[in-house]
1. Could you list, in sequence order, the residues of segment 21-60 that are of a type in the set (Ser, Thr, Tyr), under 12 Å from ARG11 (Cα atoms) and part of a helix (DSSP H, G or I)?
2. For residues that are outside any loop (DSSP other than H, G, I, E, B), polar (S, T, N, Q) and at pLDDT 85 or above, tally how many sit in segment 98-147.
3. Within segment 163-190, which residues are surrounded by fewer than 15 Cβ atoms within 10 Å (Cβ to Cβ), touching a residue at least 24 places away in the same chain (Cβ under 8 Å) and in a loop (DSSP other than H, G, I, E, B)?
4. Quick one: in segment 194-218, which of the residues that are within 16 Å of the chain's Cα centre (by Cα) and either outside any loop (DSSP other than H, G, I, E, B) or charged (D, E, K, R) (or both) is farthest from LEU244 (Cα to Cα)?
5. Anything in segment 219-237 that is assigned to a loop (DSSP other than H, G, I, E, B) and buried (at least 19 other Cβ atoms within 10 Å of the Cβ)? List them, or say none.
6. Given the conditions (1) in contact (Cβ under 8 Å) with a residue 60 or more places away in the chain; (2) surrounded by 12 or more Cβ atoms within 10 Å (Cβ to Cβ), which single one is not true for GLY284?
7. Consider only pairs whose beta carbons are under 9 Å apart and that are at least six residues apart or on different chains; among these, list those whose first residue lies in segment 261-275 and is in the same structural domain as PRO315 (by TED's automatic domain parsing) and touching a residue at least 40 places away in the same chain (Cβ under 8 Å) and whose second residue is exposed (fewer than 12 other Cβ atoms within 10 Å of the Cβ) and assigned to a helix (DSSP H, G or I).
8. Here is a check on your reading of the model: is VAL254 within 18 Å of PRO159 (Cβ to Cβ) and assigned by TED's automatic domain parsing to the domain that holds GLU181?
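The values are calculated or read from the model by the stated rules, or taken from the named source; none is laboratory data. These numbers were taken from a predicted model, which means no experiment stands behind them. Cβ sites come from the backbone with ideal geometry, for glycine too, and all protein chains shown count toward neighbours.
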Amino acid sequence: MSYKHLSITEREMIAIYRAQGKSRCQIAKLLGRNKSTISRELARNPGDYLPSKAQARYKRRRKKCRPHKLLENPELFALVKKLFLGCRWSPEQIAARLKLENYPMKISYKTIYRAIYAAMFDTPEQKRSVGNRGARRKLRHRGKPRRPKGYVSNRGKIPISHELTERPIAANKRIRLGDWEADTIVGFNHKSGLLTMADRLSRFLICRKLVRLGSKEVEAAMIEALCGQPLHSITPDRGREFQLHGNVTAALGVEFYFPPAHQPWQRGTNENTNGLLREYFPKGCDFAQLSDEDLQKVVNQLNHRPRKCLGYKTPAEVYYSTMLHLT
């Protein structure tokens with residue numbers, strides 16, 4: 001059982017029992033404490049025992065009872081700051097030189113690095129700024145992590161079920177409905193957004209608002225939006241928001257085909273549609289404030305706009321195999 005420090009309630013009971021004339025052993029037994037604990041508590045607070053003062057003394061002792069950081073020493077802090085910011089010495093050079101000159105206080109380069117990344121050398125203005133604007137920018141590599149030779153980053157990578165080269169010929173030639181291209185549009189502060197899905201044959205657009213740009217939100221929105229629609233394939237980009245595509249495949253029975261990274265022209269239909277949406281929702285738009293009704297009005301306008309690639313039919317007319325009177 002781990003030791004627990006006396007609480008203010010226990011200190012109040014100690015004062016009451018002492019006023020009743022009880023001994024230290026009796027007080028310890030009544031409180032379920034070791035008699036040494038009671039003896040040390042009374043020795044630290046000689047004279048009339050006052051619980052509030054005893055608690056205040058305890059808090060002051062606890063505050064001091066911790067290892068002190070080397071750079072809390074003003075002299076060492078000023079020296080390291082001068083060498084790092086003024087002379088542009090690296091943390092390794094500072095630590096090694098102080099050791100070579102037998103400086104009274106030893107400090108490791110890791111301690112200096114921790115201080116730099118903890119903003120100990122930053123000015124108040126630098127601490128209030130957004131991004132790496134402080135002393136870390138004085139490091140040789142601007143505070144960016146260095147990778148060893150042969151390092152392979154897995155950041156941003158998602159499981160790939162099928163490459164784009166495996167997509168059916170019917171989808172490539174746009175000869176059927178149900179081959180979708182998918183992407184997301186990012187809103188204000190990268191928090192909210194839109195899930196956009198465009199049919200390759202008809203250019204018909206289905207769009208859903210995302211209060212949060214997470215993979216679970218994208219998965220749920222995609223399943224809800226495509227349920228009951230013609231469905232043969234989905235071609236998204238390789239964004240992490242599509243990492244749960246396996247759950248969509250299990251729910252809807254449709255396969256995903258991923259183009260190579262950084263090749264948006266492989267999903268030209270969807271990219272063009274996103275450009276049309278940006279005419280209504282420019283960059284910086286907060287989609288969290290957008291109602292589903294207002295979003296659907298914009299989607300309906302795009303789906304009922306004649307397209308040259310469709311022989312001036314609308315995406316809705318091609319998708320639903322009907323002819324509307326629009327003029």
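1. THR37, SER52, TYR58
2. 1
3. Those that are surrounded by fewer than 15 Cβ atoms within 10 Å (Cβ to Cβ), touching a residue at least 24 places away in the same chain (Cβ under 8 Å) and in a loop (DSSP other than H, G, I, E, B): PRO168, ILE175.
4. ARG212
5. ASP237
6. For GLY284, the exception is condition (2).
7. Close Cβ pairs (under 9 Å, with a partner that is exposed (fewer than 12 other Cβ atoms within 10 Å of the Cβ) and assigned to a helix (DSSP H, G or I)) amount to GLU271/TRP265.
8. yes
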